[in-house]
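*Asks:* Here you go, one structure.
The numbers here are math on the coordinates, done by the rules we state, and not lab data. Since the model is a prediction, treat every value here as computed from it, not as a measurement. Positions of Cβ are backbone-derived with ideal geometry, glycine not excepted, and every protein chain shown enters the neighbour counts.
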Amino acid sequence: MTADDRRFPARPIVGVGAIVVDGDGVLLVKRGRPPLHGEWSVPGGAVEVGETLSAAVQREVLEETGLVVSVGPVVEVLDRIHTDGEGRVEYHYVLIDYLCSVVGGDLGAGSDALDAVWVAPGRLGEYAVQPVTVAVIHRAVHLAHNVAS
């Protein structure tokens with residue numbers, strides 16, 4: 001599926017997101033493709049046919065950041081629906097966000113990302129992360145600290 005196939009879809013597309021928590025940092029990527037091109041978010045993307053959800057998470061993180069992750073529990077399931085200027089559904093994703101931890105690799109912006117950085121959760125506002133994503137990140141950080149305890 002190409003990026004163009006995702007515009008004005010006939011049905012929702014299943015996507016995954018990785019809330020990668022490492023110490024006091026959360027991984028953000030600057031999106032290199034629509035939707036949200038040029039905006040900061042968590043790594044993620046569409047699940048490919050025949051791919052498991054956890055494999056999709058691992059592939060997307062590796063492609064976008066160069067990091068290898070271990071996939072943990074689901075943090076949130078949500079709709080992301082973007083409409084065009086005429087009110088037509090331009091993008092519709094059903095996203096499953098997972099708590100992840102780094103197990104290898106070197107951080108760097110990959111194929112679908114313009115940049116990749118570690119950010120303290122209290123500094124998310126400096127990156128103009130969308131409010132729904134901030135809420136999911138805070139939920140994941142809370143979960144990560146409770147799992148580690």
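*Asks:* Consider the range 85-104. How many of its residues are surrounded by fewer than 17 Cβ atoms within 10 Å (Cβ to Cβ), in contact (Cβ under 8 Å) with a residue 12 or more places away in the chain and farther than 18 Å from D24 by Cα?
*Replies:* Number of matching residues: 3.
*Asks:* Now a separate question. For the range 108-123, state whether one or more residues are over 14 Å from P43 (Cα atoms) and in contact (Cβ under 8 Å) with a residue 12 or more places away in the chain.
*Replies:* yes
*Asks:* I'm told A109 meets every condition in (1) closer than 18 Å to R31 by Cβ; (2) hydrophobic (A, V, I, L, M, F, W, C); (3) surrounded by fewer than 15 Cβ atoms within 10 Å (Cβ to Cβ) except one. Can you identify the failing condition by its number?
*Replies:* (3)
*Asks:* Restricting attention to the range 28-66, report how many residues are out of contact with any strand residue (DSSP E or B) (no Cβ under 8 Å at 6 or more places or on another chain) and of a type in the set (K, R).
*Replies:* Residues that pass the stated criteria total 2.
*Asks:* Given the structure, is Y91 among the aromatic types (F, W, Y), closer than 18 Å to H138 by Cβ and part of a strand (DSSP E or B)?
*Replies:* So Y91 does not fit the description; no.
*Asks:* Output the residues belonging to the range 124-149 that are closer than 15 Å to E39 by Cα and either touching a helix residue (DSSP H, G or I) at 6+ places or on another chain (Cβ under 9 Å) or in a helix (DSSP H, G or I) (or both).
*Replies:* L124, G125, E126, Y127, V129, P131, V132, T133, V134
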